[in-house]
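**Student:** Please see the structure below; I have some questions.
The values are calculated or read from the model by the stated rules, or taken from the named source; none is laboratory data. If you're wondering where the values come from, they're calculated on a predicted model, not measured in any experiment. Heads up, the Cβs are rebuilt from the backbone with ideal geometry, glycines too, and the neighbour counts pull from every protein chain shown. Surface accessibility is based on the protein's heavy atoms, side chains included, excluding ligands, DNA and RNA. Shrake-Rupley method; radii C 1.70, N 1.55, O 1.52, S 1.80 Å.
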Amino acid sequence: DSGVTQTPKHLITATGQRVTLRCSPRSGDLSVYWYQQSLDQGLQFLIQYYNGEERAKGNILERFSAQQFPDLHSELNLSSLELGDSALYFCASSLGLADLQETQYFGPGTRLLVL
Amino acid sequence: GENVEQHPSTLSVQEGDSAVIKCTYSDSASNYFPWYKQELGKGPQLIIDIRSNVGEKKDQRIAVTLNKTAKHFSLHITETQPEDSAVYFCAALYFGNEKLTFGTGTRLTIIP
């Protein structure tokens with residue numbers, strides 16, 4: 001158990017809908033990362049937050065957005081969903097120290113199926 | 001940006017034998033190389049990592065080697081056991097950029 005929690009575990013929705021994925025980082029971690037894992041694209045970095053502020057952006061679509069709240073939990077919002085958005089979405093967390101290459105600990109993921 | 005290639009994509013090994021998975025990276029500025037194990041239905045779990053100031057690191061049956069000149073790093077698992085069966089991912093990251101770039105994964109199967 002990494003200490004990172006994600007809800008829900010599974011999510012089934014229809015095209016055009018909007019969903020919110022939630023992540024709670026390990027106790028003491030200030031950085032949260034979101035990744036998408038699909039069969040054809042592998043594990044892709046989406047976005048990182050540090051202590052409430054966006055720190056880095058990867059291959060995140062404009063239809064997707066994220067935020068980190070004062071209690072450090074994070075939410076990933078996916079809107080206007082398309083079939084191709086079906087994937088596993090992982091959250092990871094780390095301490096957030098800027099001058100170290102830190103270990104990122106992954107949560108169990110949310111499996112999203114868009115029908 | 002960084003690109004990480006991982007080989008082989010699948011690997012079957014007799015129980016008790018060794019397994020080796022290799023990765024190459026493109027950005028010479030990369031200086032942190034973790035390896036993750038992902039079991040079915042679970043998130044990636046860090047099993048070992050190495051920083052660029054070290055050439056080799058070992059933790060019981062698992063070792064990682066790094067060749068900065070050739071931009072290669074490898075995972076070595078000795079005395080493999082059935083519970084080692086999983087998908088293994090290598091990754092690379094460089095200082096100042098916290099985006100982990102992952103390899104495409106290796107599905108390791110240990111044959112009893």
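**Student:** Might you report the magnitude of the Cβ-based charge dipole of chain A about its Cα centre, with Lys and Arg at +1 and Asp and Glu at -1, to the nearest 20 debye? If you can, show how the numbers build up before the last one.
**Tutor:** Numbers: 8 positive and 12 negative charges, 59 e Å.
Charge dipole, chain A, about its Cα centre: 280 debye, nearest 20.
**Student:** Here's something else I'd like to know. Grab the Cα-Cα distance for B:His72 and B:Glu56, subtract it from 0.36 nm times how many residues apart they are, and report the gain in nm with one decimal.
**Tutor:** Details: separation 16, 0.36 × 16 = 5.76 nm, distance 1.19 nm.
Extending this stretch completely gives an extra 4.6 nm.
**Student:** For chain A, what is the relative contact order in percent, using Cα pairs closer than 8 Å and at least 6 residues apart in sequence? Mind showing how you got there, number by number?
**Tutor:** On the way: 294 pairs, mean separation 42.5, N = 115.
With pairs under 8 Å counted, the relative contact order is 37 percent.
**Student:** For chains A and B, what's the summed buried accessible area, probe 1.4 Å, to the nearest 100 square angstrom?
**Tutor:** Details: alone 6390 and 6380 Å², together 11100 Å².
Summing both sides, the interface buries roughly 1700 Å².
**Student:** Taking the Cα centre of chain B as origin, sum charge times position over the Cβ atoms of Lys and Arg (+1) and Asp and Glu (-1), and report the length of that vector in debye to the nearest 20.
**Tutor:** 240 debye
**Student:** Let me ask you something else. Which pairs in the list A:Lys9/B:Lys99; B:Lys37/B:Lys68; B:Lys37/B:Lys71; A:Lys57/B:Lys57; A:Lys9/B:Lys58; A:Lys57/B:Lys58 are over 29 Å apart, alpha-carbon to alpha-carbon?
**Tutor:** Numbers: A:Lys9/B:Lys99 24 Å; B:Lys37/B:Lys68 23 Å; B:Lys37/B:Lys71 22 Å; A:Lys57/B:Lys57 31 Å; A:Lys9/B:Lys58 34 Å; A:Lys57/B:Lys58 33 Å.
Pairs exceeding 29 Å: A:Lys57/B:Lys57; A:Lys9/B:Lys58; A:Lys57/B:Lys58.
**Student:** Counting Lys +1, Arg +1, Asp -1, Glu -1, what net charge surrounds B:Glu15 among other residues with beta carbon under 15 Å of its beta carbon? Walk me through the numbers on the way to the answer.
**Tutor:** Values: positive: B:Arg61; negative: B:Asp17, B:Glu79, B:Glu83, B:Asp84.
Once all neighbours under 15 Å are counted, the net charge is -3.
**Student:** Between A:Gln17 and residues 5 or more places away or on another chain, which pairs have amide H atoms under 5 Å apart, with H built 1.01 Å from N, and which residues are they?
**Tutor:** Amide H to amide H, under 5 Å and 5 or more residues apart or across chains, A:Gln17 pairs with A:Leu81.
**Student:** For B:Gln45 and B:His7, calculate 0.36 nm times their separation in residues minus their Cα-Cα distance, and state this gained length in nm to one decimal. Please report the intermediate quantities before stating the final value.
**Tutor:** Details: separation 38, 0.36 × 38 = 13.68 nm, distance 1.93 nm.
Extending this stretch completely gives an extra 11.7 nm.
**Student:** For chain B, what relative contact order do you get, as a whole percent, if you take Cα pairs closer than 8 Å and at least 6 residues apart?
**Tutor:** On the way: 286 pairs, mean separation 42.0, N = 112.
Computed over chain B, the figure is 37 percent.
**Student:** In a shell of Cβ-Cβ distance under 14 Å around B:Gly43, excluding B:Gly43 itself, what net charge do Lys and Arg (+1) and Asp and Glu (-1) give? Present the calculation step by step, with values, prior to reporting the outcome.
**Tutor:** On the way: positive: A:Lys9, A:Arg26, A:Arg111, B:Lys37, B:Lys42; negative: A:Asp1, B:Glu39.
Computed value for this residue: +3.
**Student:** Continuing with the same structure: For the protein assembly as shown, build the charge dipole from Cβ charges (+1 Lys, Arg; -1 Asp, Glu) around the Cα centre, then report which of A:Gly84, A:Gly3, B:Asn3 sits farthest towards its positive end.
**Tutor:** Selected residue: A:Gly84.
**Student:** Now for a different question. When Cβ neighbours within 10 Å are restricted to other protein chains, what is their mean count per residue of peptide B:41-50?
**Tutor:** Values: counts 5, 5, 14, 11, 4, 6, 0, 0, 4, 0.
Taking the mean over all residues of the peptide, I get 5.
**Student:** From the Cα trace of chain B, what convex hull volume per residue do you get, rounded to a whole Å³? Could you put the intermediate results ahead of the total?
**Tutor:** On the way: hull volume 10.3 nm³, N = 112.
Considering the Cα atoms of chain B, their hull volume per residue is 92 Å³.
**Student:** I would also like to ask the following. Give, rounded to the nearest 20 debye, the magnitude of the charge dipole that the protein assembly as shown has about its Cα centre when Lys and Arg contribute +1 at Cβ and Asp and Glu contribute -1 at Cβ.
**Tutor:** On the way: 19 positive and 25 negative charges, 25 e Å.
Charge dipole, the protein assembly as shown, about its Cα centre: 120 debye, nearest 20.
**Student:** Something else now. Say each of A:Ser80 and A:Leu113 gets a label point 7 Å from the Cα, pointing the same way as Cα to Cβ; how far apart are those two points in nm?
**Tutor:** In this crude label model, A:Ser80 to A:Leu113 measures out at 2.6 nm.
**Student:** How large is ³J(HN,Hα) for each residue in segment B:51-67, as worked out from phi by the Karplus curve 6.51 cos²θ - 1.76 cosθ + 1.60 (θ = phi - 60°), to whole Hz, x for Gly and Pro?
**Tutor:** Result, ordered by residue: 9, 5, 8, 10, x, 8, 9, 10, 9, 6, 7, 10, 9, 10, 10, 10, 10 Hz.
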